[in-house]
Amino acid sequence: MKPMSRAFVAGATGYTGREVVRRLVEQGMSTVAHVRPESPRLEQWRRGFVALGASVEATAWEERAMAESLRRLQPTLIFALLGTTRARGRAARRKGGPLETYESVDYGLTMLLLRAVKSSAPAARFIYLSSIGAGSRSANPYLEARRRAEEEIRQSGVSYVIARPSFITGPGRDETRPLERIGAVVIDGALVVAGFLGARRLRERYGSTTNVILARALVRLAFDAAAVNTIVESDGLRI
Ligand SMILES: NC(=O)c1ccc[n+]([C@@H]2O[C@H](COP(=O)([O-])OP(=O)(O)OC[C@H]3O[C@@H](n4cnc5c(N)ncnc54)[C@H](OP(=O)(O)O)[C@@H]3O)[C@@H](O)[C@H]2O)c1
């Protein structure tokens, strides 16, 4: 596609991340999938991503190490697609591992990545997967972590695209996530009714999406000069 251009995907093992990697490779982009080094499935992910045509980096989530990797790779696009859930946080606590919260992962690791980009690949475009509802202050710790991350990205001087999807659902998730699935079904159902009543705009804004549709939109936006330094809400993520 573009000569000398390369994408680095953090959160590549996620439901959205793996589709972003697939889409980037399909588009002919040199693509680096980041997998955390302590992942119990590191070798499995490595084989899978290499089979797709991507390469794999297992840099530690440590600022200096991340900055060194980015300096070496010189990516032009950075996708920040990572985040935890309450269930993952509880599982990490049970295993006695490091604390995994919205603050430490969704905010903390995204900020670590942003600082590494600023120091080592400052001309890259930062594509951040946020969430609908992250645009204003909230008592919800998840949305508040996302709002603060967005604010720092906007003020960082790094060029960005911020995406705010509604529920991301569909087949092939590793975890069952019953609440998200039920949430998506209930919301979509309510929005069908709203659609009948003429509130199509509401349905476009809050209806769920799939990882495949979202990944396609994220990759399109990453290359779109008109999308630089913009925030794209869920209705703009279905095209
Ligand atoms: N799901 C939704 O309905 C929804 C809606 C709006 C916004 N979002 C946001 O969109 C993002 C992507 O969603 P998704 O459903 O694709 O996520 P996902 O499948 O849960 O993937 C999360 C990614 O974050 C990584 N990660 C989690 N904890 C980590 C840690 N402590 N250290 C390093 N990496 C860690 C995971 O790596 P491992 O595989 O190594 O654990 C994985 O690559 C999420 O951040 C989410 O908040 C989600």
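The values are calculated or read from the model by the stated rules, or taken from the named source; none is laboratory data. This one's a predicted model, so the numbers in the text were calculated from it and none came from an experiment. Backbone-built Cβ (ideal geometry, glycine too); neighbour counts: all protein chains shown. Side chains are part of the model used for accessible areas, which takes the heavy atoms of the whole protein and leaves out ligands, DNA and RNA. Shrake-Rupley method; radii C 1.70, N 1.55, O 1.52, S 1.80 Å.
Points to keep in mind about this one:
- Enumeration of residues in segment 65-86 that are more than 20 Å from Arg154 (Cβ to Cβ) and near the ligand (Cβ under 10 Å from one of its atoms): Thr84, Thr85
- Complete set of residues in segment 142-183 that are at pLDDT 95 or above and closer than 15 Å to Thr84 by Cα: Tyr142, Leu143, Glu144, Ala145, Arg146, Ala149
- Taking the listed residues Val219, Val117, the one that is away from the ligand (no atom under 16 Å from the Cβ), at pLDDT 95 or above and within 24 Å of Arg18 (Cα to Cα) is Val117, with no other qualifying.
- Every residue from segment 136-159 that is within 24 Å of Asp224 (Cα to Cα) and open to solvent by 20 Å² or more (accessible area, probe 1.4 Å): Arg147, Glu151, Glu152, Arg154, Gln155, Gly157, Ser159
- Condition met for Leu221 (touching a residue at least 12 places away in the same chain (Cβ under 8 Å), under 18 Å from Val185 (Cα atoms) and open to solvent by less than 50 Å² (accessible area, probe 1.4 Å)): no
- Segment 123-135, residues that are in contact with a helix residue (DSSP H, G or I) (Cβ under 8 Å, 6 or more places away or on another chain), open to solvent by 20 Å² or more (accessible area, probe 1.4 Å) and part of a loop (DSSP other than H, G, I, E, B): Ile132, Gly133, Gly135
- Within segment 42-49, not a single residue is crowded, with 16+ Cβ neighbours inside 10 Å and either of a type in the set (Ser, Thr, Tyr) or over 25 Å from Val212 (Cα atoms) (or both).
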